[in-house]
Amino acid sequence: MNSQVLDVNSVDYLEYKGKHKGILAWILSTDHKRIGILYLVSLTTFFVVGVLLGFLMRFEMLSQGKTIVDAQTYNALFTLHGIIMIFLVIIPGIPAVFGNFFLPIQIGAKDVAFPRLNLLSWWLYLIGAIFALSSLFLSGGPIDTGWTFYIPYSSRYTSTNVILPLLGAFILGFSSILTGLNFVTTVHRLRAPGMTFFKMPLFVWAIYSTAWIQVVATPVVGITIILVMLERLFYVGIFDPTLGGDPILFQHLFWIYSHPAVYIMILPAMGVVSEIIPTFARRTIFGYKAIAFSSLSIAIIGYLVWGHHMFTSGMSDTSRWIFSFLTFIVAIPSGVKVFNWVATLYKGSIDLGTPLIYVLAFIFLFSIGGLTGLVLGSIATDIHVHDTYFVPGHFHYVMFGGTIFIFFAAIHYWFPKMFGKMYNEKWAKIAVGIMFVGFNMLYFPMFILGYMGMPRRYYDYLPEYAGLHILSTIGSWVLIAGLTIMIINLIKAVRGPKNAPMNPWGGLTLEWQVPSPPPLENFREIPEIKHGPYDYHYYEEEKVEYEHSK
Amino acid sequence: MSTASELQNTEHLTGGHAHIHRDDVGAKLGMWLFLFTEVLLFGGMFLLYMAYRLEYTFEFQISAKELDMALGTVNTLILLTSSLTMALSIAAIQRNKKTLSLIFIIATISLALAFLVNKYFEWSAKFHHGIYPGATELAEKSNGEIIFFGLYYAMTGLHGLHVLIGIVVLLFMLVFVARNKITADNYMKLENSGLYWHLVDLIWIFLFPLFYLLH
C-alpha cells in the first residue's frame, strides 16, 4: 500500500500507468483530470462539427434563393447546429472540462466525491451524443424541428427522425444531472481544512451555483422530452391540441428548464473570468462576496424568468408583466459582476496575457449581448423583434461571445497546468484578434437585419437584406480563420516539449501550487488554507515567496 | 487493511487513496439530491395534471370512476407493506442479522413484483375495453377523458418503470448482503436503496388519490 501511495504522488496524471493500457487507460479512468481531458477532446470534436454546420448555413445565405442547400436541408442544418452547440458543447462545456479538472484541485481535494459516477456521466454524454447525431444517417432524414422541439410540429407533423435526438437529449440531461449532483456533494464534503465557503475561489462558487441549477432544472426538461416522445409514439394527447392538449404547456415546461440552462451556460464562464482577472491584474478581486452572491442570485432568479420566451405565445398580461420584470432583475447581479471585474482591473498591475485578452473581448461582447437581451426582455420591443435575426444575434453574443470565448480563455489560462506545456503567445494573440473582428462582422449585422424584419430560420431572403447577409457570411469566414489558427496553435503546443513552469501567470489559487501537470492525486499533502484565494497583499506583507516563474 | 472504525472515519482527506474513498455522509447527500431530481421529474407531470384537472374537471371525475378502486387500494397496501419490509431489512442488517435482512429484502422484491402483476391485470383490462392512447374507442370520448387516460398511462407507467428499477437495485442489494459487501458497519448502499424505495412508494401515495379517489 505504501509504495503505491508514493507512486501516485510522484507520477503526473498523464504518465501514470494504472490497471488499463492504451486508450482504455483513458476511457475507463476515474481520475477527474483524465475525465476532464476526455470531455475536452469529445467536446472540441462536436464543436468543430457544429461550426461546420454553421458555416454551411451562412454559406447558404450568401445569395438569394438556393445557394448550396434546399429549404429542408437548411431546416436540418439549423436544428443540428442548435442541438450540437447547446446540448453537446455549451451546457456541459466549462463545468465538464474545467470544473472536472480544477474544482477538486481548487478546493484542495484529491478527486470529486463520486469518481465512478463521474466516469458514468462521461459515458452517458457520449451515448447521448451518438443518439442525438444518429438521425443524420437514418432513413427519414435528420430532425428539422429546431432545437426547441416545439409541439405539435415535433409530435404530429414532421416525418423526420425525432425520437432518437429526443432520447439523446434525455440521456444528456441525465449526464448533466449526475455531474451537478457530484459537484454539489464534492463542494460540501471535500474542502481542505480551512477552506471555508468564503475562502473558495470564485470559479468554485460559479460551478457550485451551476451544479444546483443542473440538479434542479434538468429533470423538468427530462419529463417534458419523455412526454413528447410518448405523444409522437402513442398519441397520448397531453400536449396535442387535436386531442385537447395544450402546446403552450409544453412551452412552459420546456423553458422552465431551458431558461435556467442559459445560466448553466454562462455562470461557469463568469467564474473563469473572476479567476483570470485577479491573476493578470495582480490584485485582490474587488467585491469577492458580491460576486459570490451574485452567482447564487443569478441561479435563483434565473429559475423564474422562463416566461420571457413566450411573450407572443399566448399568456395573460399579468404573467407577461411579471416575467418581464423578473428578467430585468437578473440584469442586476450580472451588472454587479461586470462592474466588479472592471473595478478589479482599475489600478492593477496589468499583464496583457492571452487569457486576459479573451476576457476583455468577453466583457465587450457580453455587454452587447446582455443589453440586447434587455431589448428582448421588454415586452413592447420583444413583440417587434421576436423571431427575427435579432434573437440569434443576441444569443450568439451571449453564448458564443460569452461562454465560448471564455471557454477559449480557460483553455489558454489552464493549458500549461493541464498539459505541462506552453503555447505560442504571439499566435494565440493573433488568433483572438482575428476571431474578435470576424465575430462582430458575423453577428452584429444580425441585430440590424432583425430590426429591419428579417425572420430567423429562413433559407431565403428579400433583396434589401442582401448586403448585410453577405457581410455576415464573410464574417463567418474570418471567424473560422481565427478559430483554425487557435486550434492549430494549441495542437502544436500539445505536441511540443514539456516546458511549462508550475505557475506561469503568478496565480494564487491552489492549482498553481501543484506541479504542471499535476500528480495523480493532486497533492502530496492536503494543504491547509489560511488566507483568501486572491490575497496578493498577504504575500506582499508577509514577504512570503510564491513561485512565479515568468 | 484498515479497521472498521477507521473506515467509518470520514476524514479520509489525509488518507493515501482518494480515488475510491468512503464517505457515508457524502453518499447520503448525493442520494438526497438524486431523490430531489426524481421529485422534480414527477413534479412536471403533477403540474400538468393540475392544469388539466382545472380545465376538464367534469371529464376527470367521470374517467376516475372507470378505474378499479379495489385494485388500486390493494396496490397501495402492497407498496406500503413493502416500505415496511424495506425498513426492516435495514434495521436487521444494523443489528448484524444477515439472514433476517435477506428475508426482508426478498419480501420487498416479492411485494414489488405483486404490485407490477396487479398493474399488468389492471392495464390489460383497460386495453381490453379499448381504453388506451390511440384506440378508436377512446378517440370517440371527449378530450378531457383522452387526456385523463393519457396522464394515467404516462404517470403510472413511469411509476411502474421506477418500481422495475427498484427491483433491479434490490436484487443487487440482495447479492451484496449475501456476499458480505453490506454489513452491520457498512450499510449505506442498502440505506440509500431504501430511500429510493420509499420515494417510489411516496409517489404512488400521491398518484392513488389523484386518479382513483377524486370523483
When every residue in segment A:453-475 that is among the aliphatic types (A, V, I, L, M) and more than 30 Å from A:L360 (Cα to Cα) is compared, the one nearest to the chain's Cα centre (by Cα) is A:M454
Checklist (1) outside any loop (DSSP other than H, G, I, E, B); (2) modelled with pLDDT under 90; (3) out of contact with any helix residue (DSSP H, G or I) (no Cβ under 9 Å at 6 or more places or on another chain) applied to A:R116, failing item: (2)
Restricted to segment A:224-235, and to residues that are surrounded by fewer than 24 Cβ atoms within 10 Å (Cβ to Cβ) and in a helix (DSSP H, G or I), which residue is nearest to the other protein chains (Cβ to nearest Cβ)? A:F234
Can you go through A:V51, A:V97, A:V89 and tell me which one is closer than 24 Å to A:L471 by Cβ, part of a helix (DSSP H, G or I) and under 19 Å from the mean Cα position of the chain (by Cα)? A:V51
Examine segment B:115-132 for a residue that is more than 14 Å from chain A (Cβ to nearest Cβ), open to solvent by 20 Å² or more (accessible area, probe 1.4 Å), hydroxyl-bearing (S, T, Y) and within 23 Å of the chain's Cα centre (by Cα), and state whether such a residue exists. yes
Restricted to segment B:165-215 and to residues being open to solvent by 20 Å² or more (accessible area, probe 1.4 Å) and acidic (D, E), the residue modelled with the lowest pLDDT is B:D185
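Among A:M441, A:M446, which is open to solvent by 20 Å² or more (accessible area, probe 1.4 Å), among the aliphatic types (A, V, I, L, M), more than 27 Å from A:E511 (Cβ to Cβ) and in a helix (DSSP H, G or I)?
Criteria check complete, one pass: A:M441.
I'd like to know if segment A:292-313 contains one or more residues that are assigned to a helix (DSSP H, G or I) and more than 26 Å from A:P219 (Cα to Cα). So that I can check it myself, show each step before the final result.
Step one: filter segment A:292-313 for residues assigned to a helix (DSSP H, G or I), giving A:292-304, A:306-309.
Next cut, more than 26 Å from A:P219 (Cα to Cα) only: none.
No, segment A:292-313 has no match at all.
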Can you find even one residue in segment A:292-305 that is within 14 Å of another protein chain (Cβ to nearest Cβ) and over 30 Å from A:G348 (Cα atoms)? yes
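Test B:G43 against the criterion of being within 20 Å of B:Y187 (Cα to Cα), within 14 Å of chain A (Cβ to nearest Cβ), modelled with pLDDT of 90 or more and in a helix (DSSP H, G or I), and give yes or no. Give the derivation first.
Numbers: within 20 Å of B:Y187 (Cα to Cα): no; within 14 Å of chain A (Cβ to nearest Cβ): yes; modelled with pLDDT of 90 or more: yes; in a helix (DSSP H, G or I): yes.
When the stated conditions are applied, B:G43 does not pass them.
Yes or no: A:F250 within 11 Å of chain B (Cβ to nearest Cβ) and buried (at least 24 other Cβ atoms within 10 Å of the Cβ)? Even if it seems obvious, please write down each step before you answer.
Working: within 11 Å of chain B (Cβ to nearest Cβ): yes; buried (at least 24 other Cβ atoms within 10 Å of the Cβ): yes.
So A:F250 fits the description; yes.
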The listed residue being loosely packed, with under 15 Cβ neighbours inside 10 Å and modelled with pLDDT under 95, out of A:G348, A:G373, A:G335: A:G335
For segment A:127-157, give me each residue that is modelled with pLDDT of 90 or more and assigned to a loop (DSSP other than H, G, I, E, B). A:P142, A:I143, A:D144, A:T145, A:G146, A:W147, A:T148, A:F149, A:Y150, A:I151, A:P152
Residue in segment B:21-40 that is farthest from A:G18 (Cα to Cα), counting only those that are open to solvent by 20 Å² or more (accessible area, probe 1.4 Å) and more than 7 Å from chain A (Cβ to nearest Cβ): B:V39
Restricting to segment B:47-67, give me the number of residues that are facing chain A (nearest Cβ under 10 Å) and either outside any helix (DSSP H, G or I) or open to solvent by 40 Å² or more (accessible area, probe 1.4 Å) (or both). 4
Here the qualifying pairs (Cβ atoms under 6 Å; residues six or more apart or on different chains; first in segment A:414-425 and at positive phi; second open to solvent by 10 Å² or more (accessible area, probe 1.4 Å)) come out as A:G420/A:K498; A:G420/A:A500; A:G420/A:S516
Report yes if some residue within segment A:338-361 is under 18 Å from A:V398 (Cβ atoms) and among the polar types (S, T, N, Q); otherwise report no. no
Lone unmet requirement of (1) in contact (Cβ under 8 Å) with a residue 12 or more places away in the chain; (2) among the polar types (S, T, N, Q); (3) out of contact with any helix residue (DSSP H, G or I) (no Cβ under 7 Å at 6 or more places or on another chain) for A:T344: (3)
Provide a single number: the residues in segment A:183-223 that are away from chain B (no Cβ under 11 Å), surrounded by fewer than 22 Cβ atoms within 10 Å (Cβ to Cβ) and closer than 21 Å to B:G26 by Cβ. 4
What's the total number of residues in segment A:352-370 that are open to solvent by 40 Å² or more (accessible area, probe 1.4 Å) and outside any helix (DSSP H, G or I)? 1
Among A:L178, A:L124, the single one that is surrounded by 19 or more Cβ atoms within 10 Å (Cβ to Cβ), outside any loop (DSSP other than H, G, I, E, B) and either in contact with a His (Cβ under 9 Å, 6 or more places away or on another chain) or within 11 Å of chain B (Cβ to nearest Cβ) (or both) is A:L178
The condition from (1) exposed (fewer than 15 other Cβ atoms within 10 Å of the Cβ); (2) in contact (Cβ under 8 Å) with a residue 60 or more places away in the chain; (3) of a type outside the set (A, V, I, L, M, F, W, C) that B:S89 misses is numbered (1)
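The values are calculated or read from the model by the stated rules, or taken from the named source; none is laboratory data. From a predicted model like this one, the values you see are computed outputs, not experimental measurements. Note that we place each Cβ from the backbone using ideal geometry, even for glycine, and neighbour counts take in every protein chain shown. Note: areas computed on protein heavy atoms with side chains; ligands, DNA, RNA excluded. Shrake-Rupley method; radii C 1.70, N 1.55, O 1.52, S 1.80 Å.
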